[in-house]
Ligand code: SF4
């Protein structure tokens, strides 16, 4: 294989894979056994950052961008006139190992267009993972994106070698899916997810009895939804997400702002901007649901179908529930503290720690690093001065917006600088 | 005016702990501990050069270990590695505080010294993580994976386990150009070594010493890096925030080859 051809393939197949945002390589420890190569410490390392500020942690490529399907939102779709390429199994193995040895990457994220049929494609993805584990003694991270419609047997094998498996639902609503991906059926997504969930449960149960039970997808499964391609509301998205978290024990759901790649009257035009801010608000909501004890109906419901863009979802919830405040910093429970705008989980633990020694006042809170410009309106502490006033949510919102440095310029990161 | 005692040491952690030992042994009230390389003879001071003594430093470290949990020990060590001017004196206050408090749970972690130390340790920890990420190995003809770095703080000692665990089946060398020493793993253990080969003028492996397809893989990596960029999402500010310019020199993807 000539190096030039390899370079060309890599640029085509990396380019086609880059819109997939689930870059996280965290979770799921794997130790370096038998003096092999690599380990997975459970804390994904970003080895570099793209010019758009995204973390580069994995070699994220497609095995091939040939595809028999024609999903409207996808660059790889059959009807699109683009250069096609395919890696051989060994080529992917060599690239991964050589990049890994040079400390460029944490591991491999492998996905593929569908050639022939689902199982035929998935078999090849699994073969790459198997070779890496068994022949190269590779213990780095492997994420396989499963092909919708893959058989249960292959899903089982995939989980023996991969750390994480994902099936991307892409379109949050069934009606949207019908419109944009007519070749795909909703069941094709659900079946592999169900299989992975069952295997993980089974592994956990057996593991208790037989220590040597082979590990199954230790980093669990995740999925991704494209945002802004079908006119769905934030409520649609987050209710779907909640469903997938609960029903399939998803480790993560990723939200990817639609990047226009094609002219198609079913889709936003090519000039449409990527909804980066909206994407950021969805991630914030996701965090509130997973770590802050909010339930989805508190943040989104029939009355509030979409998240506010100018303020974060926690602040917007607080403004709708002013009677919940002020919260006493020196007395409130952990889950109550977590609901104060401007206070993140880290600050919550710091407050709990620090208030064991003394009653906290404004200076202490500042020293702990709390964003007081927001928080001060919602709390009382050991001080006679307080900022909590009886004013309308609208006025309060304007006061806060005026005093906060506007980060609401054009761009946001999905690396999440939260609250 | 009361002359102040200055204790000079060789810059090593053992050297510093030997100073702490001396402070207790000689009951010196408020000394200044400083690296020899930073000494400037001042009027009205007595300076004494402390010879590093591992029995003494071990005794101090043992004492510290019985007093505070390992997370706190790590913080102390990391803060030391910051090499920030005067850090030794903050650490001395902290250590005195530990020794004088009968029970570690009674130590007030919102105390000023402790807060400062944990802030500094955090900065050092961040630099450690950056190095774990930004080391770029180049494979040489004699089959060693070599990387040169210039970290802000002296983080090499913190990198040993990470790289040893991860790259157990390849020989590697990580060399700190700024501090002129490196870690070398020979498939068995990690040694601290110094080399004449690298200098401030000669900061990386020369191309003629590359293994056969080393250059190919560097180019493939560049190709990959350029292909994953999404132009419509360009955000230079964020890019620079994650990848500050001072690290670019050793990042293959940010250089012409
Ligand atoms: S099946 Fe996958 S690769 Fe093929 S067109 Fe649809 S989304 Fe793209």
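The values are calculated or read from the model by the stated rules, or taken from the named source; none is laboratory data. Remember, it's a predicted structure, so these values are computed and weren't measured experimentally. Cβ sites come from the backbone with ideal geometry, for glycine too, and all protein chains shown count toward neighbours.
The residues of the stretch A:56-85 that are away from the ligand (no atom under 13 Å from the Cβ), in contact (Cβ under 8 Å) with a residue 12 or more places away in the chain and surrounded by fewer than 21 Cβ atoms within 10 Å (Cβ to Cβ), listed by number, are A:83, A:85. Selection within the stretch B:237-257: residues that are in contact with a helix residue (DSSP H, G or I) (Cβ under 8 Å, 6 or more places away or on another chain) and in contact (Cβ under 8 Å) with a residue 40 or more places away in the chain. The member of this set that is farthest from the other protein chains (Cβ to nearest Cβ) is B:257. The set of residues in the stretch A:155-169 that are surrounded by fewer than 23 Cβ atoms within 10 Å (Cβ to Cβ) and either within 16 Å of the ligand (Cβ to nearest atom) or part of a loop (DSSP other than H, G, I, E, B) (or both) contains only A:168.
Condition check ((1) within 17 Å of the chain's Cα centre (by Cα); (2) surrounded by fewer than 17 Cβ atoms within 10 Å (Cβ to Cβ); (3) within 17 Å of residue B:117 (Cβ to Cβ)) across all residues:
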| position | (1), (2), (3) |
| --- | --- |
| B:25 | no, yes, no |
| B:31 | no, no, no |
| B:37 | no, yes, no |
| B:53 | no, yes, no |
| B:80 | yes, no, yes |
| B:84 | yes, yes, yes |
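When residue B:142 is tested against (1) at pLDDT 95 or above; (2) assigned by TED's automatic domain parsing to the domain that holds residue B:201, only condition (1) is not met.
Regarding residue A:177, is this residue within 16 Å of the ligand (Cβ to nearest atom) and touching a helix residue (DSSP H, G or I) at 6+ places or on another chain (Cβ under 8 Å)? Here the answer is yes, as residue A:177 does meet what is asked. Among the residues that make up the stretch A:81-89, is at least one of them on the phi > 0 side of the Ramachandran plot and away from every other protein chain (no Cβ under 14 Å)? So far as the stretch A:81-89 goes, no, none of its residues is on the phi > 0 side of the Ramachandran plot and away from every other protein chain (no Cβ under 14 Å). Of note, residue A:196 satisfies the criterion of being in the same structural domain as residue A:31 (by TED's automatic domain parsing), away from the ligand (no atom under 16 Å from the Cβ) and touching a helix residue (DSSP H, G or I) at 6+ places or on another chain (Cβ under 9 Å). The set of residues from the stretch A:120-142 being within 16 Å of the ligand (Cβ to nearest atom) and either under 22 Å from the mean Cα position of the chain (by Cα) or crowded, with 24+ Cβ neighbours inside 10 Å (or both) comprises A:121, A:122, A:125. Checked against (1) within 22 Å of residue A:253 (Cβ to Cβ); (2) within 16 Å of the ligand (Cβ to nearest atom); (3) touching a strand residue (DSSP E or B) at 6+ places or on another chain (Cβ under 8 Å); (4) without any contact (Cβ under 8 Å) to a residue 60 or more places away in the chain, residue A:115 meets all criteria but (1).
Only one entry in A:133, A:124 is modelled with pLDDT of 95 or more, in a helix (DSSP H, G or I) and over 20 Å from residue A:16 (Cα atoms), namely A:133. Considering the stretch A:86-105, the residues that are outside any helix (DSSP H, G or I) and within 26 Å of the chain's Cα centre (by Cα) include one that is farthest from the ligand (Cβ to nearest atom), namely A:103. Considering B:243, B:195, B:251, B:173, which residue is farther than 24 Å from residue B:141 by Cβ and either touching a strand residue (DSSP E or B) at 6+ places or on another chain (Cβ under 8 Å) or crowded, with 20+ Cβ neighbours inside 10 Å (or both)? Only one candidate qualifies: B:243. Close Cβ contacts (under 7 Å, 6 or more residues apart or on different chains) running from residues in the stretch A:119-147 that are away from chain B (no Cβ under 14 Å) to residues that are part of a helix (DSSP H, G or I) and within 16 Å of the ligand (Cβ to nearest atom) comprise A:144/A:125; A:146/A:122; A:146/A:192; A:147/A:118; A:147/A:121; A:147/A:122.
Scoring residue A:226 on the criteria (1) within 19 Å of residue A:107 (Cα to Cα); (2) not assigned by TED's automatic domain parsing to the domain that holds residue A:30 leaves a single failure, condition (1). Scanning the stretch B:198-236 for residues that are without any contact (Cβ under 8 Å) to a residue 40 or more places away in the chain, away from chain A (no Cβ under 14 Å) and surrounded by 12 or more Cβ atoms within 10 Å (Cβ to Cβ) yields one hit, B:202. Only one entry in A:218, A:268, A:214, A:260 is within 14 Å of another protein chain (Cβ to nearest Cβ), more than 16 Å from the ligand (Cβ to nearest atom), modelled with pLDDT under 90 and not in a helix (DSSP H, G or I), namely A:268. Within the option set A:117, A:139, being farther than 27 Å from residue B:220 by Cα and out of contact with any helix residue (DSSP H, G or I) (no Cβ under 6 Å at 6 or more places or on another chain) holds for one residue only, A:117.
Consider the stretch A:143-154. How many of its residues are assigned to a loop (DSSP other than H, G, I, E, B) and away from the ligand (no atom under 16 Å from the Cβ)?
1
Does residue B:122 satisfy the condition of being within 14 Å of another protein chain (Cβ to nearest Cβ), modelled with pLDDT of 85 or more and surrounded by 15 or more Cβ atoms within 10 Å (Cβ to Cβ)? No, not satisfied.
Scan the stretch A:374-406 for residues that are under 19 Å from residue A:336 (Cα atoms) and in a helix (DSSP H, G or I) and report the count. Matching residues across the stretch A:374-406 total 5.
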